[in-house]
Amino acid sequence: MNRERVYYFLTLLGYFTTMFILLAWYGWLNPPKTVSPSIVVTLLSLPLFFALRGMLHGRVYTVSWSLFLSMFYFCHGVIEAWSSAAARPYAIIEICASLSWLIAGILYIRAIKGSQTKQPV
């Protein structure tokens with residue numbers, strides 16, 4: 001298995017783990033009490049669905065701009081871990097998943113760009 005495929009797999013793993021932890025966290029495990037859980041799940045997961053098609057196809061442009069989303073979810077996890085002891089385990093999973101998405105995505109883009117420049121013309 002080449003480097004690009006490993007990095008791509010790790011990028012998707014972080015992306016989907018972030019998506020599923022948000023759905024499970026706010027949908028079933030620890031739903032909010034002041035706002036409808038469906039509204040929170042929709043608002044938090046909707047940006048992830050904009051990148052879904054491009055992420056599944058391994059498009060470098062989509063992976064690169066989705067990394068900005070991963071930073072948002074990293075910040076969200078840090079804030080939740082800091083402010084709520086009940087949500088801390090879910091927030092730590094979100095932090096790890098978004099960091100995996102970010103780091104593997106950067107490595108994937110570098111590997112793809114590096115292999116494109118090394119091919120003979």
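One residue stands out among those in the range 96-107 that are of a type in the set (A, V, I, L, M) and buried (at least 20 other Cβ atoms within 10 Å of the Cβ): the one that is farthest from Tyr26 (Cα to Cα), which is Ala104.
When restricted to residues that are of a type in the set (Ser, Thr, Tyr), farther than 15 Å from Thr18 by Cβ and in contact (Cβ under 8 Å) with a residue 24 or more places away in the chain, the range 41-96 contains 1. Of all residues in the range 36-61, those being of a type in the set (Val, Ile, Thr) and touching a helix residue (DSSP H, G or I) at 6+ places or on another chain (Cβ under 9 Å) number 3. Counting the residues of the range 30-70 that are open to solvent by less than 20 Å² (accessible area, probe 1.4 Å) and either within 16 Å of Ala97 (Cβ to Cβ) or not hydroxyl-bearing (Ser, Thr, Tyr) (or both) gives 10. Entry remark, the range 1-37: residues being of a type in the set (S, T, N, Q) and within 18 Å of Tyr90 (Cβ to Cβ) number 4 in total.
Would you confirm whether any residue within the range 88-100 is more than 20 Å from Leu67 (Cα to Cα) and either over 21 Å from the mean Cα position of the chain (by Cα) or of a type in the set (D, E, K, R) (or both)? Yes: the range 88-100 contains one or more residues that are more than 20 Å from Leu67 (Cα to Cα) and either over 21 Å from the mean Cα position of the chain (by Cα) or of a type in the set (D, E, K, R) (or both).
Looking at Ile21, is it more than 28 Å from Gly114 (Cβ to Cβ), surrounded by 14 or more Cβ atoms within 10 Å (Cβ to Cβ) and among the aliphatic types (A, V, I, L, M)? For Ile21, the condition - more than 28 Å from Gly114 (Cβ to Cβ), surrounded by 14 or more Cβ atoms within 10 Å (Cβ to Cβ) and among the aliphatic types (A, V, I, L, M) - is met.
Pairs meeting the criteria (first residue in the range 15-40 and free of Cβ contacts under 8 Å to residues at least 40 places away in the same chain, second residue outside any helix (DSSP H, G or I), beta carbons under 7 Å, at least 6 apart or on different chains) are Tyr26/Pro32; Pro37/Pro31; Val40/Pro32.
The values are calculated or read from the model by the stated rules, or taken from the named source; none is laboratory data. No experiment lies behind these values; they were computed from the predicted model shown. Heads up, the Cβs are rebuilt from the backbone with ideal geometry, glycines too, and the neighbour counts pull from every protein chain shown. All accessible areas refer to the heavy atoms of the entire protein, side chains included, with ligands and DNA or RNA removed. Shrake-Rupley method; radii C 1.70, N 1.55, O 1.52, S 1.80 Å.
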